[in-house]
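Report on one structure; see the data block that follows.
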Amino acid sequence: MAVDERGWTKILAHYGQPSNARGITEIGITLIPLVALWALIWATLDLGYWLSLLLAVPAAGFLVRLFMIQHDCGHGSFFRHRLANDWVGRVLGVLTLTPYDFWQRTHALHHASSGNLDRRGFGDIDTLTVREYRAPSVWGRLRYRLYRHPAVMFGIGPAYLFLVQHRLPVGLMRGGWRPWLSTMSTNFSIALIAALLIWLIGIKAFLLVHLPIMLLAASIGVWLFYVQHQFEDTIWEKDADWSRHHAALHGSSHYDLPAVLRWFTANIGMHHVHHVCSRIPYYRLPRTLRDHPELRGIGRLTLLESFRCVRLVLWDETQHKLVSFRDARKNLH
């Protein structure tokens, strides 16, 4: 029997039972290797920086995984109790350079409006429709092209997001004291830890060790978020036609990664299931696909297929799919 989108929400809710013991274990097997790799990179700086950069790759993977734990805390799905989720999330937010309470609020807005053309702008990748792209000035189109260029989207952009934008409650500047408290307390804690490490090993060693890890992890994180919603057959609708349940299931991809990458990304590729029921801990997501194989093919992208998503930059309201700049020009003629 076919199950509609709303029905999937009820079915998947049964998997939303976090285990405190499993949560503590997941933190341990993520944080301890990250600290060990960080120390190893510092200890081997004199052996050749190529080795340090090589070790920065798995270290960045563990930092991405740490962010995914923080992400689950933000949804209240990592521990059974809210206080445990929030305080672990706040501590991890210092390590991931992400103010937890501020991020939690903007991310909740993303879940509440994903795929809604009339409610874009919070926690998502800026996406114009073909008609909107043709309307601005030449400067407006150039600015959008620069924003969508891979070097900016996955290089300069992630560095700006985590180093600069997250240092202020951008988007919630008038949201009262809570966004400011979240960002400023996170900034203070980051400065304190950075100052301690610089005092211990020196500013040059600190930057040589931590900067590559952070920048690589930031780019990986933005790439994952991009692929989760920027694929050809995603869903965007005007508010009158938009359905949260439909957008959750069909507007989010199933990024079917190899097992090792699934582990490092904490199963976030099963994003369609996550959007349907965000209270499922990431370690229970694979079970949902085993129990309900009909979910596997919805929005499925392989690693190779995902690279083609980079060219998809505009929403075509006529064809109901994302298209490239070149496809938009062809349709104009």
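The values are calculated or read from the model by the stated rules, or taken from the named source; none is laboratory data. Worth saying up front: this structure is predicted, and the values here are computed from it rather than measured. Cβ sites come from the backbone with ideal geometry, for glycine too, and all protein chains shown count toward neighbours. Ligands, DNA and RNA are stripped out before the accessible areas are found, and what is left, the full protein with its side chains, is counted by its heavy atoms. Shrake-Rupley method; radii C 1.70, N 1.55, O 1.52, S 1.80 Å.
Observations
- When region 86-107 is filtered for residues that are of a type in the set (A, V, I, L, M) and within 20 Å of TYR160 (Cβ to Cβ), the ones remaining, listed by number, are VAL94, LEU95, LEU97.
- Filter result (part of a helix (DSSP H, G or I), open to solvent by less than 80 Å² (accessible area, probe 1.4 Å) and touching a helix residue (DSSP H, G or I) at 6+ places or on another chain (Cβ under 9 Å)) within region 164-183: HIS166, ARG167, PRO179, SER182, THR183
- Residue under evaluation ALA84, criteria (1) closer than 20 Å to ILE125 by Cα; (2) in contact (Cβ under 8 Å) with a residue 40 or more places away in the chain; (3) open to solvent by 10 Å² or more (accessible area, probe 1.4 Å), criterion not met: (1)
- Scanning region 321-331 for residues that are free of Cβ contacts under 8 Å to residues at least 24 places away in the same chain and either outside any loop (DSSP other than H, G, I, E, B) or loosely packed, with under 13 Cβ neighbours inside 10 Å (or both) turns up ARG326, ASP327, ARG329, LYS330.
- Within region 113-147, the set of residues being under 16 Å from the mean Cα position of the chain (by Cα), open to solvent by 40 Å² or more (accessible area, probe 1.4 Å) and not acidic (Asp, Glu) comprises GLY121, PHE122.
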